[in-house]
1. Yes or no: the stretch A:137-155 includes at least one residue that is on the phi > 0 side of the Ramachandran plot, open to solvent by 10 Å² or more (accessible area, probe 1.4 Å), within 14 Å of chain B (Cβ to nearest Cβ) and assigned to a loop (DSSP other than H, G, I, E, B).
2. In this structure, is residue B:5 farther than 30 Å from residue A:342 by Cα, within 8 Å of another protein chain (Cβ to nearest Cβ) and out of contact with any strand residue (DSSP E or B) (no Cβ under 9 Å at 6 or more places or on another chain)?
3. Among the residues of the stretch A:361-372, write down those that are farther than 20 Å from residue A:322 by Cα and either touching a residue at least 12 places away in the same chain (Cβ under 8 Å) or more than 7 Å from every other protein chain (Cβ to nearest Cβ) (or both).
4. I'm trying to understand the selection: among the residues of the stretch C:342-380, which are open to solvent by 70 Å² or more (accessible area, probe 1.4 Å), part of a helix (DSSP H, G or I) and within 24 Å of residue C:207 (Cβ to Cβ)?
5. Give A:454, A:378, A:393 a once-over and let me know the one that is open to solvent by less than 10 Å² (accessible area, probe 1.4 Å), over 15 Å from residue A:176 (Cβ atoms) and either of a type outside the set (Asp, Glu) or touching a residue at least 40 places away in the same chain (Cβ under 8 Å) (or both).
6. Just checking, how many residues over the stretch A:381-411 are in contact with a strand residue (DSSP E or B) (Cβ under 9 Å, 6 or more places away or on another chain), away from chain B (no Cβ under 14 Å) and either closer than 13 Å to residue A:186 by Cα or among the hydrophobic types (A, V, I, L, M, F, W, C) (or both)?
7. Given B:91, B:20, B:35, which one is within 30 Å of residue A:334 (Cβ to Cβ), within 25 Å of the chain's Cα centre (by Cα), facing another protein chain (nearest Cβ under 7 Å) and open to solvent by 20 Å² or more (accessible area, probe 1.4 Å)?
Amino acid sequence: MSEMTNMSAFEIAESVNNQTVTATSVVEKSLALAEALNSKLNAFLAIDREGALRAAAKVDSIIASGGSPGRLAGVPIALKDNMCKVGLPTTCGSRILQGWIPPYDATVTKLLESEGAIIVGKTNLDEFAMGSSTENSAYGPTLNPVDLTRVPGGSSGGSASSVAAGIVPVALGSDTGGSIRQPASLCGVVGVKPTYGRVSRYGLVAFASSLDQIGPFSSSVMDSALTLEVIAGFDLKDSTSYDEQMGSLSAQKGLSVEGLRVGMVTEFVEGSDLEVVSALRDAANALTSLGADVVEISIPETKLGLSAYYLIAPAEASSNLARFDGVRFGLRVEGSNIEETNVLTRTKGFGAEVKRRIMLGTYALSSGYYDAYYAKAQQVRTLIKSGFERAYQQVDVLISPVSPTTAFKLGEKSLDPLAMYLSDVCTIPSNLAGHPAMSMPYALDSKGLPIGVQILAPALREDLMFRLAFALEGSSTGAPSLDDSIKEAINRG
Amino acid sequence: MSSRISPKEVAHVAMLARLSLTDEEAELYASQLSSVLDHASDIESLDIHDLEVTAHPLGLVNRTRSDSVVSGLSQAEALSQAPDEAQGMFSVPPVLGEPS
Amino acid sequence: MANAETDLKDLGVRGESDFLPDGWELVCGLEVHTELKTKTKLFCGCANVFGAQANTNVCPTCLGLPGSLPVLNERALEIAAMIGLALSAKVQASIFHRKNYFYPDMPKDFQISQYDIPLNADGYLILPSGKRIGIERAHVEEDTGKITHLGGASGRIHGAERALIDYNRSGVPLVEIVSRPDIASPEEAREYVSELRSTLVAIGASDGKMEEGSLRVDANVSVRPIGETPFRTRCEIKNLNSLRSLVRAITFEAHRQVAAYLAGEKVTQQTRHWDESAGRTVALRNKEEAEDYRYFPEPDLVPLRPSEEWIEGLRSQLGELPKERRARLVESLGLTDTNDQIETAISVELYPFARSALAAGLDPKITVARCANELASLAPLDESFEISWFVELLRMETNGEVSATQAKSILAEVAKNLISPKAAQERLGFSQLTDDQLTKTINEAILQNPKEWERFRTGEAQLQGFFVGKIMKATSGKADGKAVVRILLATAEQR
């Protein structure tokens, strides 16, 4: 394995800035690995060799002329394919957007590039981020590099897979109900969903506007801290973005957790596999040994999360996805009139899961059901928020499983939507409350599959969340062993 | 299997959503949506109508921008992804009725 | 039924309140959409201008591209609230909703609008007649793009082969002002829209141009036997592009409904289209088939919570509303009621002139007359036409430096060449004749017309006009009529 693939974003930026490596060589290695592994993983929907090398050369020339390209100088980064970058297609894993090239950059794209990061490609996802396995992509499923017979989780499966396979040190995902944290857990990497409003959503193709939030994947806690520091901040183009600066996250490294009150959420432990629960207890013990005060805490309101989520998210999605009508961009299947064109285009362009959610959401919003479903679900968010607030009067942060199970086999859950939805039970409440939460790789199950621990914090307290993550990193079992055929491909490269 | 949603209702919802479903799809969705809504019966039965809704988790209000022109897209850029165009405009098959 | 409608075509446009058959009354409410005069669109920084080349004022947001987001225009919100204040409405905390329906002129396939909690609620507008029309709400929403229908007869929707879409208008800020069903006659509807338009123009909210579509009116019309309390089924009439259409359409529709009831038929709740050339309304669709808009709060925008301070700041920007302008002129003229001259003089273009002249202490009667007649006939006035020129001219006229006739010519000259009234006076050769010059001319006229003079001198007063005419002719109209009369009378006295 090349030593470069093991370099963290932090190390790359440092080495590029002090000229021990060039951005071009780092990016070349990342591209080579992406190209070598993609036939096995299907993690990337687009690899931008030309654009990435051009951007890397620019970083190198800035360095050569004595300038400073930024905090992520030369760091190869992958974007989930629902974030826009000029010149690269954005498909959202959907046939309806096949070949669509956005004429504008997402705010996160601009921010990353302004700090010298190099976008190497766009990663696979469940169509329009709807799913928990990345099997719902129109461009085929992404596989888990730890075990190619298993899913990487979803919907940001391509980003999780590419980081776990060492192709990029950092990738961005989006998390609407757990779409960063669950694949991070299933692939054995760090995945962060910031506070709603922390990161601008401008240029992120919306799934459920009131829940969507962009966040990083990385191998190390520090790399996620660094990346989030770059992409967080107020954006005039996103009315829902928060206007106060976030404190330093990287500075949390090494800070003591002594005296920190940590709550283990009872409701999320119930229903989780034994090995998952045991990993969580190990983490709790580790924190206790570091001086934290760990208690069990019950937040019964979170039990309502799943129902509320599967009304709110589809409702907003049904409206957000109306614009895919074959008029201005993307696929058009032309009929004899505009209405027929709308129907033909959407029927051909959307996959089964997207149609199912559009149907569910349209139903939940239609007259006669709005009050019973959508309006009620929005009130449940308030209940869940107040449940968390009550908990945070007793503890500083919360821990829980991320997913009730480790990575499951391809096809295992794809026939039963409700069973698939149930796997989001631990992650959804944070989205409904708008609170930050992250997945921290902590242990492996008896099959060698990664198990993550979820750390949850009050709104805007990413600092506390990262302090705990840095503390847990020391006792984590570390990266899982990759699938043999992936190791082989890496060694060949 | 409960039948909260009939295939006929499914067909109506599909019409609103501009989707065309086969009979099998309509039946499948009817049963799958019913099971999701069954699961949602826990919140349906809650008596919380006085409770406020969460509009923004952080309670942000009054977000505006100043009324100054920002350059947008050129006509060519605007039309660059259009499936069909004519005379600088997006071209589509005929519109049958007024918007409802 | 079709025959009944044809017969109704000849009903005319009288529009008085007793226009319906005995025992029936009109119940009418209007929905007025006004485009707001902002520099940019409601939710993006694209220019809000009329008549630009297609799809040149567009961006990801107003094209509804995936990933784009709306951000509210501060000025649009201010203007919207000012409309509420001008209509004595309550400006309140509100939110935006999405109204979901598919239509190709609406790029997101939903419209961002306000639903159950509008920015402005519960206001009223007092008409010049004194009638008070309730305003239910005035809410903010975005406009749609424009569709051109190709290949059909006369560009109409029916029979078209292709539709072309221009999104320049997509996202232009609108305020929809919904009246209560307080309007009792077609004439009152006209008066309401006219007064509303003046109000919107006066506060700088709108340019009020119905012909460019910046002011659009829909009418909700029903009828009922006088004395009946509940409302009967109403129809919504669209495509009312002028005040004349408005009056004609309401007249037609009310008669159509009465005729239906008298024939024992039912009126169906419908949306109807006003066909100006045919002079009738035609059914577009039944409301029962109306789409389900699936309103829900717009998650990409945050709630609006106007502060008292902000509202008061806007109130102070309102300036004088038409009703206040009217009251000021009525009072300064010593009248009890408004008249056509006053209504013209309070228009947004002319009122600043009237206001300044009155403030300078000039004669109200002359001021209003010059505004409503001469100045109005010169409109639209060039932007560099200075108000002070008008004031100066009126002062010259009041002082007798120029005659009324001369003042009118000078005003035209000022407007044409954008020069001061003094300069115009000189250019026209209207330097006032001295008394000596006038006396000399009068003496000549006496010599040439001795018989007429003798008759005038001995008491035939009607011959005064004869001599004034002669002198005006001799001086090519430069003489001040008042001065001529003064000298004529003095001369007759002496001899």
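1. No; the residues of the stretch A:137-155 include none that is on the phi > 0 side of the Ramachandran plot, open to solvent by 10 Å² or more (accessible area, probe 1.4 Å), within 14 Å of chain B (Cβ to nearest Cβ) and assigned to a loop (DSSP other than H, G, I, E, B).
2. Spelling it out, it is not the case that residue B:5 is farther than 30 Å from residue A:342 by Cα, within 8 Å of another protein chain (Cβ to nearest Cβ) and out of contact with any strand residue (DSSP E or B) (no Cβ under 9 Å at 6 or more places or on another chain).
3. In the first step, residues of the stretch A:361-372 are kept if they are farther than 20 Å from residue A:322 by Cα; the result is A:368, A:371-372.
Of everything in the stretch A:361-372, those that are farther than 20 Å from residue A:322 by Cα and either touching a residue at least 12 places away in the same chain (Cβ under 8 Å) or more than 7 Å from every other protein chain (Cβ to nearest Cβ) (or both) turn out to be A:368, A:371.
4. C:355, C:377
5. Values: A:378 fails: open to solvent by less than 10 Å² (accessible area, probe 1.4 Å); A:393 fails: open to solvent by less than 10 Å² (accessible area, probe 1.4 Å).
That would be A:454, the only listed residue that is open to solvent by less than 10 Å² (accessible area, probe 1.4 Å), over 15 Å from residue A:176 (Cβ atoms) and either of a type outside the set (Asp, Glu) or touching a residue at least 40 places away in the same chain (Cβ under 8 Å) (or both).
6. Going through the stretch A:381-411 one residue at a time, the tally reaches 13.
7. Working: B:91 fails: open to solvent by 20 Å² or more (accessible area, probe 1.4 Å); B:35 fails: within 30 Å of residue A:334 (Cβ to Cβ).
Residue meeting the stated conditions: B:20.
Yes or no, residue by residue, for (1) at the interface with chain C (Cβ under 10 Å from one of its Cβ atoms); (2) touching a strand residue (DSSP E or B) at 6+ places or on another chain (Cβ under 8 Å); (3) open to solvent by 20 Å² or more (accessible area, probe 1.4 Å):
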position: A:295; (1), (2), (3): no, yes, yes
position: A:298; (1), (2), (3): no, yes, yes
position: A:306; (1), (2), (3): no, no, no
position: A:335; (1), (2), (3): no, no, no
position: A:339; (1), (2), (3): yes, no, yes
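The values are calculated or read from the model by the stated rules, or taken from the named source; none is laboratory data. Since this is a predicted model, take the numbers as computed values, not measurements. We place every Cβ from the backbone using ideal geometry, glycine too, and count neighbours over all the protein chains shown. SASA here: full protein model, heavy atoms, side chains in, ligands and nucleic acids out. Shrake-Rupley method; radii C 1.70, N 1.55, O 1.52, S 1.80 Å.
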